1. Can you tell me which residues in segment 53-65 are touching a helix residue (DSSP H, G or I) at 6+ places or on another chain (Cβ under 7 Å) and assigned to a helix (DSSP H, G or I)?
2. Quick check on my filter: what residues within segment 84-117 are in a helix (DSSP H, G or I), open to solvent by 20 Å² or more (accessible area, probe 1.4 Å) and under 21 Å from Leu163 (Cα atoms)?
3. Would you be able to say whether some residue in segment 10-20 is open to solvent by less than 80 Å² (accessible area, probe 1.4 Å), among the charged types (D, E, K, R) and within 28 Å of Ile167 (Cα to Cα)?
4. Please determine whether any residue of segment 66-78 is open to solvent by less than 40 Å² (accessible area, probe 1.4 Å), closer than 17 Å to Ile171 by Cβ, in a helix (DSSP H, G or I) and not hydrophobic (A, V, I, L, M, F, W, C).
5. Can Leu81 be described as touching a residue at least 12 places away in the same chain (Cβ under 8 Å), under 18 Å from Arg27 (Cβ atoms) and part of a helix (DSSP H, G or I)?
6. Please verify whether segment 139-151 includes one or more residues that are without any contact (Cβ under 8 Å) to a residue 60 or more places away in the chain, in a helix (DSSP H, G or I) and more than 21 Å from Glu94 (Cα to Cα).
7. Starting from segment 25-50, take each residue that is assigned to a helix (DSSP H, G or I) and list its partners that are among the β-branched types (Val, Ile, Thr) and surrounded by fewer than 21 Cβ atoms within 10 Å (Cβ to Cβ), counting only C-beta distances under 7 angstrom and pairs at least six apart or across chains.
Amino acid sequence: MGRGHMPIGRRERAQQAKRERIMTAARELFAEHGVNGVTTQQIAHRADVAIGTLYLYASTKAELLIMVQNEKFAAAIDVGLAAANAAVGQGVLEPVVALLRPVVACLREHTENGRTYLHELVFGDPAELYRQAGLALAGRLEDGITGLLTRNEYIHAADAATLARVITAIIHITATATATVYLHRSDEAFLADIRDQIHATLAPHHRAA
């Protein structure tokens, strides 16, 4: 026999199928009603599993939201990194904005869910498995911004990581603390405000140069 992957057993297939049903149910209900308008019992009912079974995969509704949003966040970062690489050579601001555009769209797809997701990543238990995955994604986004900043001749490598942390803080604050202010603004208007804040953050480095 070859050395291909061993086929998974019936028990593992059943577990995988249940997890996929739970994820699909949570994704649909959160999109329809928002995280605060959904109960874990409703998710279990739509997924056709017992509530106790659901808790084997995620012990709280917040964890279910993080599971769902992690997938969207990861996809948004992938799209953003590709767009940023395509924009390299257009200065420092344009590639960063290109990276952030799909991330902003992801967080604002459903404002309540995006705001709650960011809140849970920051204030939840960092030892929880899905939060760890979400925090790793946030770190990947920050690293992506750092990489873009280090390509600019006016920004010292030692400053790039700090500036990237400031930029991610701008995204977090704008998407959470001021979410009600920007609730009815378009993604482009929302992104334009973030762009202005990033420009002001990076401007001193260009003036110093």
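1. Restricting attention to segment 53-65, the residues satisfying the condition of being touching a helix residue (DSSP H, G or I) at 6+ places or on another chain (Cβ under 7 Å) are 53-54, 57-58, 61-65.
Those that are touching a helix residue (DSSP H, G or I) at 6+ places or on another chain (Cβ under 7 Å) and assigned to a helix (DSSP H, G or I): Thr53, Leu54, Tyr57, Lys61, Ala62, Glu63, Leu64, Leu65.
2. Applying the first criterion (in a helix (DSSP H, G or I)) to segment 84-117 yields 84-87, 93-108, 111-117.
Subsequent filtering for residues that are open to solvent by 20 Å² or more (accessible area, probe 1.4 Å) retains 85-86, 93-94, 101-102, 105, 108, 111-112, 115-116.
Within segment 84-117, Asn85, Leu93, Glu94, Arg101, Pro102 meet the criteria.
3. Checked against the condition, which is being open to solvent by less than 80 Å² (accessible area, probe 1.4 Å), among the charged types (D, E, K, R) and within 28 Å of Ile167 (Cα to Cα), segment 10-20 yields no hits at all.
4. To start, the set of residues in segment 66-78 that are open to solvent by less than 40 Å² (accessible area, probe 1.4 Å) comprises 66-70, 73-74, 76-77.
Then drop every residue that is not closer than 17 Å to Ile171 by Cβ, which leaves 69-70, 73-74, 76-77.
From what's left, in a helix (DSSP H, G or I): 69-70, 73-74, 76-77.
Then drop every residue that is not not hydrophobic (A, V, I, L, M, F, W, C), which leaves 69-70.
The answer is yes; a qualifying residue exists.
5. Numbers: touching a residue at least 12 places away in the same chain (Cβ under 8 Å): yes; under 18 Å from Arg27 (Cβ atoms): no; part of a helix (DSSP H, G or I): yes.
Taking the combined requirement at face value, the residue does not satisfy it.
6. Here is the first cut: in segment 139-151, the ones without any contact (Cβ under 8 Å) to a residue 60 or more places away in the chain are 139, 142-143, 145-147, 149-150.
Okay, now just the ones that are also in a helix (DSSP H, G or I), so 139, 142-143, 145-147, 149-150.
Now restrict to residues that are more than 21 Å from Glu94 (Cα to Cα): none.
No, the conditions are met nowhere in segment 139-151.
7. Correct list of pairs: Thr40/Ile51; Gln41/Ile51; Ala44/Ile51.
A quick yes/no check of all residues on (1) open to solvent by 40 Å² or more (accessible area, probe 1.4 Å); (2) closer than 20 Å to Phe73 by Cα; (3) at pLDDT 90 or above:
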{"position": "Asn152", "(1), (2), (3)": "no, no, no"}
{"position": "Ile167", "(1), (2), (3)": "no, yes, yes"}
{"position": "Ile173", "(1), (2), (3)": "yes, yes, no"}
{"position": "Ala179", "(1), (2), (3)": "no, yes, no"}
{"position": "Phe190", "(1), (2), (3)": "no, yes, no"}
{"position": "Ile194", "(1), (2), (3)": "no, yes, yes"}
{"position": "His199", "(1), (2), (3)": "yes, no, yes"}
{"position": "Pro204", "(1), (2), (3)": "yes, no, no"}
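The values are calculated or read from the model by the stated rules, or taken from the named source; none is laboratory data. Remember, predicted model here, so these are calculated numbers, not experimental data. We place every Cβ from the backbone using ideal geometry, glycine too, and count neighbours over all the protein chains shown. Just so you know, the surface numbers come from the protein's heavy atoms only, side chains and all, with ligands and any DNA or RNA stripped out. Shrake-Rupley method; radii C 1.70, N 1.55, O 1.52, S 1.80 Å.
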